[in-house]
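For reference, the structure discussed in these notes is given below.
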């Protein structure tokens with residue numbers, strides 16, 4: 001599991017950093033550049049965590065049950081529940097994530 005520092009950022013600083021990250025992703029339009037950015041920003045474990053959360057969301061959309069998702073992706077029911085609860089109030093951009101990924105599983 002990825003570790004987070006025990007030293008917390010001020011909320012304004014955190015918001016500013018995350019806003020800048022979103023801006024960077026919006027401006028990149030080449031797949032190779034996005035791959036390089038991911039490789040530079042995220043560890044292998046962090047990329048796997050992100051990929052599993054996306055996969056969980058896809059499988060929930062396909063109405064897979066928790067047991068089946070957990071077995072397929074090697075994740076806990078708590079992780080599945082987290083993804084399910086976070087996507088219930090999701091923005092339209094969240095749904096964009098699934099376009100093109102519908103046939104993965």
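Listed here are the helices (runs of 4 or more DSSP H) enclosed by the stretch 1-70 that have at least 1 residues being at pLDDT 90 or above, within 23 Å of residue 85 (Cβ to Cβ) and out of contact with any helix residue (DSSP H, G or I) (no Cβ under 7 Å at 6 or more places or on another chain): 11-27, 44-61.
For the stretch 36-46, which positions are free of Cβ contacts under 8 Å to residues at least 40 places away in the same chain and either within 24 Å of residue 79 (Cα to Cα) or surrounded by 11 or more Cβ atoms within 10 Å (Cβ to Cβ) (or both)? Before you say what the answer is, go through the steps one by one.
Initially, the stretch 36-46 is screened for residues free of Cβ contacts under 8 Å to residues at least 40 places away in the same chain, giving 36-42, 44.
Listed by number, the residues that qualify are 36, 37, 38, 39, 41, 42, 44.
Of the numbered criteria (1) in a loop (DSSP other than H, G, I, E, B); (2) modelled with pLDDT of 90 or more, the one residue 103 fails is (2).
The values are calculated or read from the model by the stated rules, or taken from the named source; none is laboratory data. These numbers were taken from a predicted model, which means no experiment stands behind them. Every residue, glycine as well, gets a Cβ built from its backbone with ideal geometry; the counts of neighbours run over all protein chains shown.
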